[in-house]
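The values are calculated or read from the model by the stated rules, or taken from the named source; none is laboratory data. If you're wondering where the values come from, they're calculated on a predicted model, not measured in any experiment. Cβ: placed from backbone, ideal geometry, glycine included. Neighbour counts: every protein chain shown.
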């Protein structure tokens, strides 16, 4: 099989595995940097690679609006377009149209929305989302889903879950038509159901009935619900998830959330927070976030993190990084973003090593204790 996943070791629910895709293998657990517009913002693809990334994301909604999927295809497809020769996963656009609450209308047939770019009214159907991702040429395409707010009531969560399953049927039919025996792209479904365990189980059961799948995503978390709800949902789903199928937790990428989710059996993660925090001057350290713009760093010769092996920590001091932010030099934004990417990728790498050597439980508890000791959630 072109798309396969092998579990190499476990520690409770935590797993170390290998995801094999057409353009390379991805050791898991793994954080996937987000290239919203076909670029991990401010960071060169070679720097993303040197930070340890083995797979990145691109955004269907944004690339559809600018420059358009046909332009990307004419320029050689998403890999050539963004100069990334490794695996690429594209999201379906479901979360982006969810976030346009005042600018969209959901029906059974489609989501109609007003473009935030030019104000034009557009329509995104399950079939169209699938076609756009095929045109972009991603290795992994996500099914179009109906995302509801994290605090949605039961009726709305059920509506979104059931519609997501119906839309999954339409995505799969269209993907099968487009692929027609090709193995260059696979389609992954998304578990929905809000904060309700029974709806989440029903969503997963519906997905498995429609299987087999080469991967399963869990969506609709990190959209306003509490951390306790996220943990409870993952705990409820984990025993029913197929062992030999990779599990992608969508939109989760703050350090303690990553470790919590790994301990609950998740394999893949993505989030814009690493680069977004970096651009705003927040560096992630094992002892919690650090404000790089803080006056106390003015004379510091220390690297951001003495334990880090990233290109930023290997060459630049805290004092220099603060200086770059004070003079508004874009190099500062880039350097802290590179550090944050490496920090999350390295966290996944170390979790994997600890699962393999049997020390994950104690190590993860100690890591989280140290991170939270200074009051970070």
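Just a few scattered comments:
- Residue match in the range 208-224 (condition: more than 24 Å from residue 36 (Cβ to Cβ) and in contact (Cβ under 8 Å) with a residue 60 or more places away in the chain): yes
- Residue check, residue 117 part of a loop (DSSP other than H, G, I, E, B), within 27 Å of residue 216 (Cβ to Cβ) and over 17 Å from the mean Cα position of the chain (by Cα): no
- Within the range 93-114, restricting attention to residues that are more than 18 Å from residue 168 (Cα to Cα) and either outside the structural domain of residue 61 (by TED's automatic domain parsing) or out of contact with any strand residue (DSSP E or B) (no Cβ under 6 Å at 6 or more places or on another chain) (or both), the residue that is surrounded by the most Cβ atoms within 10 Å (Cβ to Cβ) is 99.
- Residue 204, sole failed condition from (1) more than 20 Å from the chain's Cα centre (by Cα); (2) part of a helix (DSSP H, G or I): (1)
- Exactly one residue among 49, 4 is at pLDDT 95 or above, closer than 22 Å to residue 352 by Cβ and touching a strand residue (DSSP E or B) at 6+ places or on another chain (Cβ under 9 Å), and that residue is 4.
- Matching option when the condition is at pLDDT 95 or above, in the same structural domain as residue 162 (by TED's automatic domain parsing), within 18 Å of residue 270 (Cβ to Cβ) and not in a strand (DSSP E or B), among 223, 233: 233
- Identification of helices (runs of 4 or more DSSP H) wholly contained in the range 239-357 with 1 or more residues that are over 23 Å from the mean Cα position of the chain (by Cα) and crowded, with 18+ Cβ neighbours inside 10 Å yields 318-326, 330-357.
- Evaluated against (1) buried (at least 21 other Cβ atoms within 10 Å of the Cβ); (2) farther than 17 Å from residue 140 by Cα; (3) touching a strand residue (DSSP E or B) at 6+ places or on another chain (Cβ under 8 Å); (4) at pLDDT 95 or above, residue 193 falls short on exactly one condition, (3).
- Of the residues in the range 98-107, not one is closer than 18 Å to residue 69 by Cα and in contact (Cβ under 8 Å) with a residue 24 or more places away in the chain.
- Reported count of residues in the range 208-242, each being within 22 Å of residue 7 (Cα to Cα) and in contact with a strand residue (DSSP E or B) (Cβ under 8 Å, 6 or more places away or on another chain), is 10.
- Consider the range 210-220 and keep the residues that are assigned to a loop (DSSP other than H, G, I, E, B) and closer than 14 Å to residue 266 by Cβ. The one that is farthest from the chain's Cα centre (by Cα) is 215.
- Single condition residue 162 does not satisfy, out of (1) under 30 Å from residue 53 (Cα atoms); (2) free of Cβ contacts under 8 Å to residues at least 24 places away in the same chain; (3) not in a loop (DSSP other than H, G, I, E, B): (1)
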